[in-house]
Amino acid sequence: MLKPNSGKPFNLRPFITAILFIGFIFFLISAFFLQKQLLNIYNAQNSLLIRDRTGKIIFIERDKNGSWARYSDEIPSGFEKLLLKKEDKYFYFHFGFNPWTTYKAALGYFNICPKRASSTITQQLVKILKGKELERNLKNKIVEAFYTFGLELFQSKETILKMYVNSVYFGNQARGLTEASRLYFNLSPDLLADGQILQLLAAISSPTKNNPAKAKNKEIALALAQRLGLSHELFLIDSCVVKETMGQYSHSSNTYFEIQNFIDDSSDDHSLTIDKELTEKIREIVERNIADLKAKNVKNGAVAVIKLPENEILTLVGSPNPKSFEEGCQINMLLEPRPIGSTIKPFVFLKAFEKDLRPYTLADDREYKYITAIGFPLYPKNFDYKYRGEVNLHYALSNSLNVPAVKVLEYVGLEDFYKFLEQDLEFKPIQNLENYQLGIALGVLEMDLLNLSRYFTIFPNNGILKDLKIYNAQNPCSEKKIANPKYIQLINKILSDRKTGIEQFGLKSDFNLFQQNYALKTGTSRDFRDSWVIGYTPDFLVGVWLGNHDNAPMGGISGQLGAGRIWAETMELLLNSEYNKKTPFEFALLKEFYPAQSGIEYGLPDDDYEHSLNALKERDVSLILHPHDGDAFLSGKNFKIILQAKQNVKWSINNEFLSRSKTAIFIPTETGQFQIKAESDNGFQEIIAVYINQ
């Protein structure tokens, strides 16, 4: 049954209170998320700053509005004082809205008094972050009011002021005090004079028209000083000085040209391992040396410096001047694959040492004939077109002899060396390795300088290959064991020996540095198109390339004369730097041998000396040294063929006896095919065929 009405009036107060409470909670939640949205916008507009290992700025990236901003947590007291005096003197006393200025603005809206700006600093900040400075209507004002309440409720006055000072636009894509003071006056904000502060404040209302680079700015700043009751003597900076400063100002150093390919936008920390000052000095070395070699048709060069053992990149120089429009200067030659010349030889010899060859192993430096994959004969030649007869591998590598290097690669085996390159080093060739074959030992393999430098770090890093590191905050580099340290020490012993390489480099050389613990390998490609030097101490590695981006040959510039000078000057810088710890090479795993024909040689304690000494020669069972099987000759007046053998032999031509000697002369009297036979005293014989053409 329904109860009779008691006659008491219905009480709405609890319902109203509940509704108001719910509304208040909803307002607080909304305000929180609104101000959170503003904070996200604010944080996103801070320009990405890329710094070197010492904190120097390499590059400042534009924000989404196309401006530059460098946020600061500190506001100079002088700037804060004048800013508040001009823009919002009751900032610390109101709750985001100034009732008096709002009232006067309302009167102006109804044309009762002159129109005046009424926005507080908090309201201005909301407009800036929302990007609605120019859209003034009632709807926007209401929306901005909610955002303003949100900031005032959940952020301190100090934070709001800091956000404003870092966000306000000063013209010429300069957002925030730090960026504006650097752009217009080349000063940090804390060093600004009051007159300079007023010039910046004069730009706030119309930054495009009234920024400090405009002549009108000084006039407005003087009027502002008068309105604020300040002395005219504050202005000691002339506008033309501001323009000169802007002309010298840049948001990107040359160093950024090479590192831009390595920037990870997802990283929170953009502090790099790069040394900006060192990089600038090395670029000057490259530019100066290229200028000196201009008459030799040299246009391009590149340098990579890697700190060891961490494999931190200190310097990347891929152009003598990236801002130049000269041919090739805007190509990063650090990353361009080029034939690497003899710099491949330490890797070939490393694999040979793993297969029982040693620095004391003997090789016959003479003419050999090989048939290439496409059927053409190959006669390997040394850089000076001379043969030296019997040499050991220490001498061969120290003097970068080509013929012994081919024999060593032949001993290693092409398939095994291909696997070493592609599986161990994880090298990705630009064409199938089968196309190179034994030509690898002659320097035809292409590789870029940065990768080649990284692969070379296995020698100072005891056989460990690491990734290159360019971010300070990067996790430790992944490591991969490439070779046993004892074989690495054999290579380092040879490459650090300056005396044995005198034949190639001479008594006086750019490679003779004042410190002894360094090793190096040069390289020169065919027709002097590429000049290389990769050198290192246990503390750092320097790789240098010199040449032309269009592959044009240089005027007789070898690895020593071209890249060598740049390498030596760069090494001098590093040897006199904090990066030089004077760490010695390790040779504790080696053993000294004393062969009769030379001084000290190096091998390993468990060596079978006689086996390793003759391992290469034992494979060469050929008796005839010249000519080679299948050689073709053109007959002519006084034509003759020199016959050479390893020892005294019985020579026969088409089974007719010619002579018994080590060297003989064959004078053909007709054209056609001839069978040449050499027979030793122990009955061993070798038969080859040659062709005489008219």
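Rule-based calculations on the coordinates, nothing more; no lab input. This structure is a prediction, so every number in the text was calculated from the model and none was measured. A quick note on method: Cβ atoms are made from the backbone with ideal geometry, for glycine too, and the neighbour counts reach across all protein chains shown.
Some points to look at:
- Bridging of residue 276 to lysines at a Cα separation below 18 Å is possible for 56, 307, 323, 469, once same-chain residues fewer than 8 apart are set aside.
- Stretchable slack from residue 592 to residue 682, in nm (0.36 nm times residue separation minus alpha-carbon distance): 28.8 nm
- Here the chain is treated with +1 on each Lys and Arg Cβ and -1 on each Asp and Glu Cβ, and its dipole about the Cα centre works out to around 3500 debye.
- Residue-by-residue Karplus 3J(HN,Hα) for the stretch 466-479, coefficients 6.51, -1.76, 1.60, Hz, glycine and proline x: 10, 5, 6, 10, 10, 9, 4, 7, 4, 4, x, 5, 5, 10
- Qualifying GluC sites (Glu not before Pro) in the stretch 363-449, DSSP loop, other Cβ atoms within 10 Å at most 12: 426
- According to the Kirkwood relation over distinct C-alpha pairs, the hydrodynamic radius of the stretch 244-393 is 19.8 Å.
- Förster radius 51 Å - calculated FRET efficiency between residue 277 and residue 142 (Cβ-Cβ, nearest 0.05): 0.45
- Equivalent ellipsoid, the stretch 624-693 (semi-axes from 5 times Cα gyration tensor eigenvalues, Å): 20, 11, 10
- Note: relative contact order over the chain, using C-alpha pairs below 8 Å and six or more positions apart, is 10 percent.
- Potential extension, residue 622-residue 28 segment - 0.36 nm per residue separation minus Cα distance: 204.3 nm
- Cα gyration tensor shape for the stretch 284-345, rounded if a/c is under 1.5, else prolate or oblate: prolate
- Inter-part distance where the stretch 29-96 and the stretch 561-631 are each reduced to a Cα centre, Å: 61
- Karplus-based coupling profile of the stretch 403-410, in residue order and whole Hz: 4, x, 5, 5, 5, 5, 5, 4, with θ = phi - 60° in 6.51 cos²θ - 1.76 cosθ + 1.60 and x standing for Gly or Pro.
- Listed by chain and number, the aspartates and glutamates whose C-alpha is less than 19 Å from the C-alpha of residue 369, apart from same-chain residues fewer than 8 away, are 384, 390, 410, 434, 618, 620, 629, 631, 686.
- Close amide H contacts of residue 174 (hydrogens built in the peptide plane, cut-off under 5 Å, sequence separation of 5 or more or a different chain): 68.
- Straight-distance crosslink candidates among lysines, where the alpha carbon sits under 18 Å from residue 89 and sequence neighbours closer than 8 are dropped: 81, 104, 157, 162
- Stretching residue 654 away from residue 376 to a fully extended chain increases their span by 97.5 nm, per 0.36 nm per residue minus the current alpha-carbon distance.
- Around residue 401: net Lys/Arg minus Asp/Glu count, Cβ-Cβ under 15 Å: -1
- Net charge of neighbours whose Cβ lies under 15 Å from the Cβ of residue 581, counting Lys and Arg as +1 and Asp and Glu as -1: -3
- Total lysine pairs whose alpha carbons fall under 21 Å of each other in the stretch 624-693 (8 or more apart, or interchain): 8
- When the C-alpha to C-alpha distance is required to be over 25 Å, the pairs from 214/281; 508/582; 294/466; 345/481 that qualify are 214/281; 294/466.
- If R0 is 22 Å, the Cβ-Cβ spacing of residue 323 and residue 48 corresponds to a FRET efficiency of close to 0.55.
- The chain - Kirkwood radius from inverse mean 1/r over Cα pairs (Å): 31.6
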